[in-house]
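The values are calculated or read from the model by the stated rules, or taken from the named source; none is laboratory data. All values reported here derive from a predicted model rather than from experimental measurement. Here the Cβ positions follow ideal geometry from the backbone for every residue, glycine too, while neighbour counts run over all protein chains shown. Side chains included, ligands, DNA and RNA excluded: accessible areas come from the protein's heavy atoms. Shrake-Rupley method; radii C 1.70, N 1.55, O 1.52, S 1.80 Å.
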Amino acid sequence: MEKTNAREDEKEEVEEQVVNPWEVSAKGDGKIDYDKLIDKFGCQRIDQALIDRVHRLTSRPPHVFLRRGVFFAHRDFNEILDAYERGEKFYLYTGRGPSSEALHLGHLVPFMFTKYLQDAFKVPLVIQLTDDEKCMWKNLSVEECQRLARENAKDIIACGFDVTKTFIFSDFDYVGGAFYKNMVRVAKCVTYNKVVGIFGFTAEDHIGKISFPPVQAVPSFPNSFPHLFSGKDDLRCLIPCAIDQDPYFRMTRDVAPRIGYHKPALIESLFFPALQGETGKMSASDPNSAIYVTDSGKDIKNKINKYAFSGGRDSIELHRQLGANLEVDIPIKYLSFFLEDDAELQHIKEEYGAGRLLTGEVKKRLIEVLTELVERHRRARAAVTDEMVDAFMAVRPLPNMFN
Amino acid sequence: MGYSKDQLLTRLQELHIDFAQYEHPVVLTVEAQAKHVGHLGGALSKNLFLKDKKNRFYIVSALPNTKLDLKAVLSQRLGLGKGGLRMAPEEALQEILQVPLGCVTPFALVNESARHVSLLLDQGFKAQECCFFHPLANDMSISLNVRDLDKFLKSIGKDSSYVDLEANPSVGKDQPPDLATLVPSGSTVLPDPPERAASLQGPTENYVSDNQPTAVTAKSVKQSNNTQNVKDKTATVPHQTSSFDNPEQFVEEILDKTSSLVLTEITEETIKQHGEQLGAVISDKIRKRLFTELKSLATTFKNTAYTEGFCAGTYQPKRA
């Protein structure tokens, strides 16, 4: 397993929480300390002022993930908004490592938020499917990764992206040309020592892994996509992602000015908690740690009722007396991700926290919300054909991408 | 009113379909039928009329010796879970197939009322010289080669789906139910059985229930796999119109969802509560509740249209 960023402090390693693109684990009591993470990574917290600014600029209520602090950290988001106010557009860049066919709700979070950003700011989006990365890290065959990439693309498309403003590409298909030229430019600026320091590579890691980071870096530069942004070398990039991807973009931001490009801006999210509690992020290998987009209403009901970690007390009397522990209660956490109505969520939290609402009732509401979400996703997914995937992945101009 | 035996026989003649007809006393079972026509060579058929929990109907027509496991095998293969398939009630026989008891037959699909019924034919029929079916009445059996049955089905706009009914492939997360494409896309609502009133999910056309997740996904995967192998758009799989490429259906669905929401919201209570303001309140509610869902529908509609244009306009070389 890859080691943590703080390789210099070997002794502290064991007690530190580990957050990098390939491993996320908390220390001690099991909860990720996000304040410490922000501190260590050096990004900013998103505050209410920033959220209000987004509201003003987009003339629509900010996305539920912003309101509830799911997307909670950023780098240079203010600069993006400044430019936007001046009439300068930007483009969005996000991605997925297609290591499995089964997507869970945690996987959808960045895509749901990116779709909101696309709609609110009316900007184009590139989505990178890092099939090469998974081929290298998960030791899957090239063909299998390409297949998974296309399957995942269907779920991504089902999130509701606009085909006239979205370009999805797989590394195996797209790397080359202008994209590769940028990869080399970036690679030249990052020493072996540096990349080992950032990602924790060792001498036993194969050279594929060590030379991968530029692949994920260069979609941040508009001239990697000549068919989309030719003539717009100045276009800024905003990257919505989960905070464990930060190392890639710290590296990118370090390199960008050296090769004459804008630094990409980032907007980062927390980890979606596993059903069993806040011990890290959901794992695709444990089916009961997550709600999958292929789960039936019955599965969802069963999983929430059986596995969702509850902050309720052991007995009804104790519960009515002390109220629920909202800090660790998973159903409340999930509702704060997916229950759109602020007033209703507030009410549930109050009643549950005071012990007047029981765990079963909260879980019931959650099951409703999730079932509707998964249902809608499944329906949209069913309408995605292979031809539609081809259309999204075709190297084609997007003339209306800023409309 | 349903087709009569004579009307059916005339139809078959018009289509130049070769068949032999045998009259006999009314029979209600294969055994009884066998007493009269079993010696004539050719295979008899056992025909079951089934329904699933979502009020979708199926005719399974098989050789008498073919083992059928409705609950554990067929139900799963159709993506209905275990025990999702059961015998249809007598009323359904009359309402939908419009044939008497003991007379289930593929020919019943000629009736408009059976338009949404899915037909599963035993693969074994294909090897037979001729097979016996009831021509909408129990006092006669007709024998014909299944190729001619196919011809008839085609003439009424139905596809023949031959299935190895005894096969028991495993169904799981990575192996979608292999018969999922045979689940009807529209469900038939009988007057009596309980249907979820004013469901906010809108019409049952293209409705995917909670219990059949893999069915629809498998459906679309199966369909698109077919169209990908046959590069031209006149694919082997019949195109199913959906709300996503058919403006009329699209609008119908939107109006259905909206009116269903309006109707749920207008109750004695709400009228009392809001009085004259009810209109504004409901209008607000519609906006809030349906916006996301309708937007999702519209986006898929847009993406589908773009894709069709894209396919028409480009040629994508096979991926290396």
Of B:Leu149, B:Leu165, the only residue that is assigned to a loop (DSSP other than H, G, I, E, B), at negative phi and modelled with pLDDT of 85 or more is B:Leu165
Is it the case that some residue within the stretch B:10-27 is buried (at least 21 other Cβ atoms within 10 Å of the Cβ) and either among the aromatic types (Phe, Trp, Tyr) or over 18 Å from B:Ala114 (Cβ atoms) (or both)? no
Only one of these conditions is not met by B:Glu129: (1) surrounded by fewer than 16 Cβ atoms within 10 Å (Cβ to Cβ); (2) within 20 Å of B:Gly2 (Cβ to Cβ). Which number is it? (2)
In the stretch A:188-212, which residues are in a loop (DSSP other than H, G, I, E, B), touching a residue at least 12 places away in the same chain (Cβ under 8 Å) and not hydroxyl-bearing (Ser, Thr, Tyr)? A:Cys189, A:Val190, A:Gly200, A:Phe201, A:His206, A:Phe212
Kindly provide the set of residues from the stretch A:264-273 that are among the aliphatic types (A, V, I, L, M) and either within 9 Å of the chain's Cα centre (by Cα) or open to solvent by 10 Å² or more (accessible area, probe 1.4 Å) (or both), ordered by number. A:Leu270
Inspect the stretch B:160-182 for any residue being polar (S, T, N, Q), within 26 Å of B:Pro25 (Cα to Cα) and either surrounded by fewer than 19 Cβ atoms within 10 Å (Cβ to Cβ) or touching a strand residue (DSSP E or B) at 6+ places or on another chain (Cβ under 6 Å) (or both) and give the result as yes or no. no
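Return yes or no: is A:Ala394 more than 27 Å from B:Lys295 (Cα to Cα), hydrophobic (A, V, I, L, M, F, W, C) and surrounded by fewer than 21 Cβ atoms within 10 Å (Cβ to Cβ)?
Values: more than 27 Å from B:Lys295 (Cα to Cα): no; hydrophobic (A, V, I, L, M, F, W, C): yes; surrounded by fewer than 21 Cβ atoms within 10 Å (Cβ to Cβ): yes.
Taking the combined requirement at face value, the residue does not satisfy it.
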Determine if the stretch A:214-234 includes at least one residue that is open to solvent by less than 10 Å² (accessible area, probe 1.4 Å) and more than 23 Å from the chain's Cα centre (by Cα). yes
Out of the residues in the stretch A:146-176 meeting the condition of being open to solvent by 50 Å² or more (accessible area, probe 1.4 Å) and not β-branched (Val, Ile, Thr), tell me which one is farthest from A:Tyr93 (Cα to Cα). A:Arg147
Quick one: in the stretch A:337-364, which of the residues that are touching a helix residue (DSSP H, G or I) at 6+ places or on another chain (Cβ under 7 Å) and open to solvent by 50 Å² or more (accessible area, probe 1.4 Å) is farthest from B:Gly313 (Cα to Cα)? A:Lys349
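May I ask you to say which residue of A:Tyr248, A:Tyr261, A:Tyr192, A:Tyr292 is within 14 Å of chain B (Cβ to nearest Cβ) and either open to solvent by 20 Å² or more (accessible area, probe 1.4 Å) or under 18 Å from A:Arg96 (Cβ atoms) (or both)? Even if it seems obvious, please write down each step before you answer.
Working: A:Tyr248 fails: within 14 Å of chain B (Cβ to nearest Cβ); A:Tyr261 fails: within 14 Å of chain B (Cβ to nearest Cβ); A:Tyr192 fails: within 14 Å of chain B (Cβ to nearest Cβ).
Step by step, each of A:Tyr248, A:Tyr261, A:Tyr192, A:Tyr292 is checked, and only A:Tyr292 is within 14 Å of chain B (Cβ to nearest Cβ) and either open to solvent by 20 Å² or more (accessible area, probe 1.4 Å) or under 18 Å from A:Arg96 (Cβ atoms) (or both).
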Entirely in the stretch A:226-344, the helices (runs of 4 or more DSSP H) that have 3 or more residues that are free of Cβ contacts under 8 Å to residues at least 40 places away in the same chain: A:297-307, A:316-322, A:330-338
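Hey, among B:Ala62, B:Ala88, which residue is touching a strand residue (DSSP E or B) at 6+ places or on another chain (Cβ under 8 Å), modelled with pLDDT of 85 or more and over 16 Å from B:Leu179 (Cβ atoms)?
On the way: B:Ala62 fails: over 16 Å from B:Leu179 (Cβ atoms).
Sole residue among the options that is touching a strand residue (DSSP E or B) at 6+ places or on another chain (Cβ under 8 Å), modelled with pLDDT of 85 or more and over 16 Å from B:Leu179 (Cβ atoms): B:Ala88.
Please state which one of B:Arg86, B:Arg77 is surrounded by 13 or more Cβ atoms within 10 Å (Cβ to Cβ) and in contact (Cβ under 8 Å) with a residue 60 or more places away in the chain. I'd like the intermediate steps shown before the answer.
Details: B:Arg86 fails: in contact (Cβ under 8 Å) with a residue 60 or more places away in the chain.
The match here is B:Arg77.
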Which numbered condition trips up A:Asp119, out of (1) over 15 Å from the mean Cα position of the chain (by Cα); (2) surrounded by 21 or more Cβ atoms within 10 Å (Cβ to Cβ)? (2)
Got a number for residues in the stretch B:28-57 being surrounded by 15 or more Cβ atoms within 10 Å (Cβ to Cβ), within 28 Å of the chain's Cα centre (by Cα) and assigned to a loop (DSSP other than H, G, I, E, B)? 6
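Does the stretch B:142-160 hold any residues that are touching a residue at least 40 places away in the same chain (Cβ under 8 Å) and more than 24 Å from B:Gly41 (Cα to Cα), and which are they? Explain how you work it out, then say what you get.
Here is the first cut: in the stretch B:142-160, the ones touching a residue at least 40 places away in the same chain (Cβ under 8 Å) are B:142-145, B:148-149, B:151-153, B:155-156, B:158-160.
Result: B:Ser155, B:Ile156, B:Lys158, B:Asp159.
Provide a single number: the residues in the stretch A:67-116 that are among the aliphatic types (A, V, I, L, M), over 25 Å from A:Arg236 (Cβ atoms), within 14 Å of chain B (Cβ to nearest Cβ) and under 13 Å from the mean Cα position of the chain (by Cα). Talk me through it step by step, then tell me what you get.
Kept after step one, since they are among the aliphatic types (A, V, I, L, M), are these residues of the stretch A:67-116: A:70, A:73, A:80-81, A:83, A:92, A:102-103, A:105, A:108-109, A:112.
So of that shortlist, the ones also over 25 Å from A:Arg236 (Cβ atoms) come out as A:102-103, A:105, A:108.
When the remaining residues are screened for being within 14 Å of chain B (Cβ to nearest Cβ), the result is A:102-103, A:108.
Narrowing the set further to residues that are under 13 Å from the mean Cα position of the chain (by Cα) leaves A:103, A:108.
Going through the stretch A:67-116 one residue at a time, the tally reaches 2.
Take the residues in the stretch A:154-179 that are outside any loop (DSSP other than H, G, I, E, B) and charged (D, E, K, R), then tell me which one is nearest to the other protein chains (Cβ to nearest Cβ).
Filtering the stretch A:154-179 for residues outside any loop (DSSP other than H, G, I, E, B) gives A:154-157, A:166-174, A:177-179.
Going one step further and asking which of them are charged (D, E, K, R), we end up with A:154-155, A:171, A:173.
Numbers: A:Lys154: 9, A:Asp155: 10, A:Asp171: 13, A:Asp173: 7 Å.
Ranking the qualifying residues of the stretch A:154-179, first place goes to A:Asp173.
Please work out if A:Thr371 is within 7 Å of chain B (Cβ to nearest Cβ), more than 19 Å from B:Thr300 (Cβ to Cβ) and open to solvent by 10 Å² or more (accessible area, probe 1.4 Å).
Criteria met by A:Thr371.
I'd like to know if the stretch B:25-43 contains one or more residues that are touching a residue at least 40 places away in the same chain (Cβ under 8 Å), of a type outside the set (D, E, K, R) and closer than 20 Å to B:Leu153 by Cβ. Walk me through it before giving the result.
At the first step, the residues of the stretch B:25-43 found to be touching a residue at least 40 places away in the same chain (Cβ under 8 Å) are B:25-29, B:33, B:36-37, B:40-43.
Restricting the remaining residues to those that are of a type outside the set (D, E, K, R) gives B:25-29, B:33, B:36-37, B:40-43.
Those still in the list that are closer than 20 Å to B:Leu153 by Cβ too: B:42-43.
Checked the stretch B:25-43: at least one residue is touching a residue at least 40 places away in the same chain (Cβ under 8 Å), of a type outside the set (D, E, K, R) and closer than 20 Å to B:Leu153 by Cβ.
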Would you be able to tell me the number of residues in the stretch A:91-106 that are open to solvent by 10 Å² or more (accessible area, probe 1.4 Å) and either part of a loop (DSSP other than H, G, I, E, B) or without any contact (Cβ under 8 Å) to a residue 60 or more places away in the chain (or both)? 5
Test each condition in (1) within 21 Å of the chain's Cα centre (by Cα); (2) away from every other protein chain (no Cβ under 14 Å); (3) within 30 Å of A:Glu151 (Cβ to Cβ); (4) open to solvent by less than 20 Å² (accessible area, probe 1.4 Å) for A:His377 and report the one that comes out false. (2)
